[in-house]
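Enquirer: I have a structure here, written as structure tokens, and I will follow up with some questions on it.
The values are calculated or read from the model by the stated rules, or taken from the named source; none is laboratory data. Computed from a prediction, not measured in an experiment: that's the story for all the values here. Virtual Cβ from ideal backbone geometry, glycine too; neighbours counted across all protein chains shown. Keep in mind that these areas ignore ligands, DNA and RNA; they rest on the heavy atoms of the full protein, side chains included. Shrake-Rupley method; radii C 1.70, N 1.55, O 1.52, S 1.80 Å.
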Amino acid sequence: MVANDLDDERCRRASSPVLNNKREQPVSVKFQKLLASTAILAVAAFAAVGCGGDSDKESSGGGDLAKKQEMTIQIGDETDAGVFDPPKVAYLDSVNRLNALFVNLYRYSEDGSEMKPFAATELPEISEDGLTYTVKLREDAKWSDGKPLTADDLVFGVQHALDPASGAYFASFMLDIVGACEYNSGKDAKENCTADYRKELTDGKPESVGVTATDDHTVEFKLVRPVPWFDQLMTLQTFVPLRRDVIEKFGDKWTTPENIVTSGAFTLAEYKPKERIVVEKNPEFWDADDVELDKITFRMIGEPKTALREFERGRIDLAFMRTAIDSADIDRVKGEDYYVSRPSIETQYAYFNTTNPELSDPKVRQALAIGIDRPSIVENITKRGDKPMNTVAPDGIPGFDVFSQGAQEFIGAEEGPDVDKAKGLLEEAGWDEKETLDVYFSSDSGNAPQIAEQMQSDWAKIGVKVKLNPTPGDVLATVGLGYSPVGKKVDVVLQGWIQDYLDAQDWYQLFTCDNVAAGLNSSNYCSEDFDKIYEEALKTVDPDARFEIYKELEAKLTGPDGDMPAAPLYQPTNDTVAATYVLQGGKPFELTSTGLLYYENLAISADKK
């Protein structure tokens with residue numbers, strides 16, 4: 001997912017983690033403004049723990065609860081505004097909203113290291129050849145109108161995500177399902193679905209997609225080739241059960257409060273653009289008796305300082321991460337008992353538009369990358385214990401010790417900028433000091449404006465002029481700005497990427513040629529050499545062997561001879577504010593390393609005045 005201090009948090013990526021033919025891409029995907037996504041992303045999946053009891057009883061973790069179980073949560077500017085159709089969202093904040101309304105098959109543990117069943121009863125059964133995945137659904141799952149949630153709903157949900165008319169960014173993650181590429185590509189299937197592992201093409205109909213209900217609560221997925229992380233993809237918002245009858249009856253209006261049918265712990269009661277989203281407890285949810293909250297109001301406050309002020313006045317109980325703490329307030333807030341933080345598995349970047357003439361030379365991009373003072377960013381601006389980074393993929397994922405060697409410390413992340421070396425690279429490239437780079441970033445972020453200003457100062461020291469272009473997050477989250485193909489007016493865009501699943505492919509796929517058209521290659525970078533290595537990695541099932549190939553990919557991006565389409569900046573620590581009376585499973589609220597938020601086990605203690 002897109003997630004960061006530098007723009008709103010996008011949730012999943014649009015380039016396929018399962019392609020090994022560079023022509024095979026969801027070219028029929030229609031770009032649209034991400035209005036209801038966090039980013040599922042996701043979107044993604046996470047552990048849910050119920051708190052037992054009625055609202056005036058003790059929670060499962062102990063402690064009296066308030067009689068009024070209504071929570072107000074700050075979500076910042078609404079990313080994917082008005083979108084409540086799960087596969088159509090891509091920002092982390094949007095995924096987090098939808099987590100209240102729809103159930104994922106699987107969720108991750110709080111540290112992001114382990115998949116756990118949610119709407120499924122157990123982890124998927126995988127055939128010996130790795131081509132068949134079988135998922136068992138809960139038999140007690142129901143929709144908010146009382147109808148049972150069945151295997152046919154999951155089949156339709158997958159078909160809906162692959163439907164080119166849906167414009168689902170993460171549909172590209174699903175293209176190794178039999179018939180998925182053909183259906184998603186439509187009339188372009190013969191051109192797009194030509195990978196050598198496809199023995200023959202299907203007829204491109206949704207019924208020919210390899211997802212089948214074998215009984216009322218069992219779904220079988222057939223793949224065209226083994227994909228080592230396919231089970232993890234099932235945590236995404238593209239694998240969410242949906243109701244065919246509701247969508248076919250109401251069309252684009254199916255997600256309005258009066259029409260929507262949900263499967264999660266809450267139903268959509270009200271939506272007022274740019275102001276609030278209200279959800280209410282779903283009595284048909286299988287764990288409804290253990291869901292303490294009766295109502296959640298998601299408030300949309302774009303300015304972190306305003307949000308913090310509302311929180312400290314008691315008008316907000318909890319905030320989505322990075323929506324309520326301005327860099328000017330972090331030192332004070334860190335000392336408060338309501339401050340919550342946790343290291344994140346993500347990387348923040350400065351993406352360079354490699355198709356703009358002034359940035360077409362890798363030496364210029366390298367100079368800009370090594371001219372940034374990363375220690376100053378994390379020590380003087382973010383101030384949360386963030387880690388300066390010189391690799392595309394972050395620490396904390398399997399194989400990092402191996403593939404990070406590809407960077408060869410070309411960027412001295414911990415040492416700070418190398419001004420002389422940067423000037424030398426610019427001189428070799430024939431840099432014209434009359435040029436001015438346009439840098440775009442989210443004006444709604446608590447840190448992005450200050451980070452952009454520091455980078456402007458850093459680059460001035462090496463002879464590069466910069467014009468800062470603060471942009472509202474919902475505007476930045478559009479094709480041409482934050483989404484690729486990035487337009488000519490953009491030279492640099494600041495944003496990041498957070499874990500969807502625990503494999504470095506989740507980050508390297510951002511820089512494939514296919515992903516320029518698919519939407520999430522914010523550098524417009526396209527290299528046949530990189531794609532060739534990337535495709536080899538996709539064929540490699542053995543993780544240790546794959547890590548060695550990832551090392552080649554890292555070298556191609558950030559090493560001494562790398563193309564540097566983006567400059568890694570730092571690996572963040574997520575943080576937020578949560579009132580001390582906000583409970584999670586009967587205990588004080590904590591963030592997950594994935595940034596995902598779940599509501600089934602949230603409650604308000606009797607300590608709230």
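Enquirer: Can you list residue pairs whose Cβ atoms sit under 8 Å apart, with the first residue in the range 216-244 being more than 16 Å from residue 95 (Cα to Cα) and the second being in a helix (DSSP H, G or I) and polar (S, T, N, Q)? Count only pairs 6 or more apart in sequence or on different chains.
Expert: If the second residue must be in a helix (DSSP H, G or I) and polar (S, T, N, Q), the pairs left are 229/505.
Enquirer: A further question on this structure: Looking at (1) open to solvent by less than 20 Å² (accessible area, probe 1.4 Å); (2) farther than 30 Å from residue 300 by Cβ, which is the one condition that is false for residue 94?
Expert: Unmet condition: (2).
Enquirer: Could I ask something else about it? Name every residue in the range 252-285 that is in a loop (DSSP other than H, G, I, E, B) and either among the hydrophobic types (A, V, I, L, M, F, W, C) or touching a Cys at 6+ places or on another chain (Cβ under 8 Å) (or both), in order of residue number.
Expert: The answer is 254, 260, 261, 265, 285.
Enquirer: Just need a number here: residues in the range 461-488 that are assigned to a helix (DSSP H, G or I) and either among the small types (Gly, Ala, Ser) or touching a Ser or Thr at 6+ places or on another chain (Cβ under 6 Å) (or both).
Expert: The qualifying residues number 2.
Here's the yes/no breakdown for (1) open to solvent by less than 50 Å² (accessible area, probe 1.4 Å); (2) touching a helix residue (DSSP H, G or I) at 6+ places or on another chain (Cβ under 6 Å); (3) assigned to a loop (DSSP other than H, G, I, E, B); (4) within 27 Å of residue 486 (Cα to Cα):
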position	(1), (2), (3), (4)
411	yes, yes, yes, yes
428	no, yes, no, yes
433	no, no, yes, yes
459	yes, no, no, yes
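Enquirer: Pick out the one residue from 296, 377, 372 that is aliphatic (A, V, I, L, M), part of a loop (DSSP other than H, G, I, E, B) and either out of contact with any Ser or Thr (no Cβ under 8 Å at 6 or more places or on another chain) or surrounded by 24 or more Cβ atoms within 10 Å (Cβ to Cβ) (or both).
Expert: 372
Enquirer: For the range 228-237, enumerate the residues that are touching a Lys or Arg at 6+ places or on another chain (Cβ under 8 Å) and either under 18 Å from residue 83 (Cα atoms) or assigned to a helix (DSSP H, G or I) (or both).
Expert: Within the range 228-237, 236, 237 qualify.
Enquirer: From the set of residues in the range 229-287 that are aromatic (Phe, Trp, Tyr) and within 23 Å of residue 152 (Cβ to Cβ), which is surrounded by the most Cβ atoms within 10 Å (Cβ to Cβ)?
Expert: Among them, the one singled out is 239.
Enquirer: Can you tell me which residue is surrounded by the fewest Cβ atoms within 10 Å (Cβ to Cβ) among those in the range 320-368 that are over 27 Å from the mean Cα position of the chain (by Cα) and within 30 Å of residue 109 (Cβ to Cβ)?
Expert: 335
Enquirer: Continuing with this model, one more query. Exactly one of these conditions fails for residue 72: (1) open to solvent by 10 Å² or more (accessible area, probe 1.4 Å); (2) assigned to a loop (DSSP other than H, G, I, E, B); (3) at pLDDT 70 or above. Give me its number.
Expert: If we test residue 72 against (1) open to solvent by 10 Å² or more (accessible area, probe 1.4 Å); (2) assigned to a loop (DSSP other than H, G, I, E, B); (3) at pLDDT 70 or above, just (2) comes out false.
Enquirer: Same structure again: If we scan the range 492-515, do we find a residue that is surrounded by fewer than 17 Cβ atoms within 10 Å (Cβ to Cβ) and not acidic (Asp, Glu)?
Expert: Scanning the range 492-515, I find no residue that is surrounded by fewer than 17 Cβ atoms within 10 Å (Cβ to Cβ) and not acidic (Asp, Glu), so the answer is no.
Enquirer: For the condition closer than 26 Å to residue 115 by Cα and either open to solvent by 10 Å² or more (accessible area, probe 1.4 Å) or in contact with a strand residue (DSSP E or B) (Cβ under 7 Å, 6 or more places away or on another chain) (or both), what is the one hit in 570, 599?
Expert: After applying the criteria, what remains is 599.
Enquirer: So for the range 538-545 (the condition being open to solvent by less than 20 Å² (accessible area, probe 1.4 Å), in contact with a Cys (Cβ under 8 Å, 6 or more places away or on another chain) and under 29 Å from residue 95 (Cα atoms)), does at least one residue qualify?
Expert: Checking the range 538-545: not a single residue is open to solvent by less than 20 Å² (accessible area, probe 1.4 Å), in contact with a Cys (Cβ under 8 Å, 6 or more places away or on another chain) and under 29 Å from residue 95 (Cα atoms).
Enquirer: Now a separate question. Would you mind finding the one in 522, 593 that is modelled with pLDDT of 95 or more and of a type in the set (S, T, N, Q)?
Expert: 522 is the lone residue from the list that is modelled with pLDDT of 95 or more and of a type in the set (S, T, N, Q).
Enquirer: Right, another one. Regarding residue 317, is this residue open to solvent by less than 40 Å² (accessible area, probe 1.4 Å), at pLDDT below 95 and among the charged types (D, E, K, R)?
Expert: So residue 317 fails the test.
Enquirer: Something else now. If you check residue 424 against the conditions, is it under 15 Å from residue 571 (Cα atoms) and open to solvent by less than 40 Å² (accessible area, probe 1.4 Å)?
Expert: no
Enquirer: A further question on this structure: Residues of the range 121-138 being surrounded by 14 or more Cβ atoms within 10 Å (Cβ to Cβ) and at pLDDT below 95, which ones?
Expert: Result: 130, single match.
Enquirer: Then there is this: Across the range 299-329, what is the number of residues that are basic (Lys, Arg) and assigned to a loop (DSSP other than H, G, I, E, B)?
Expert: The qualifying residues number 3.
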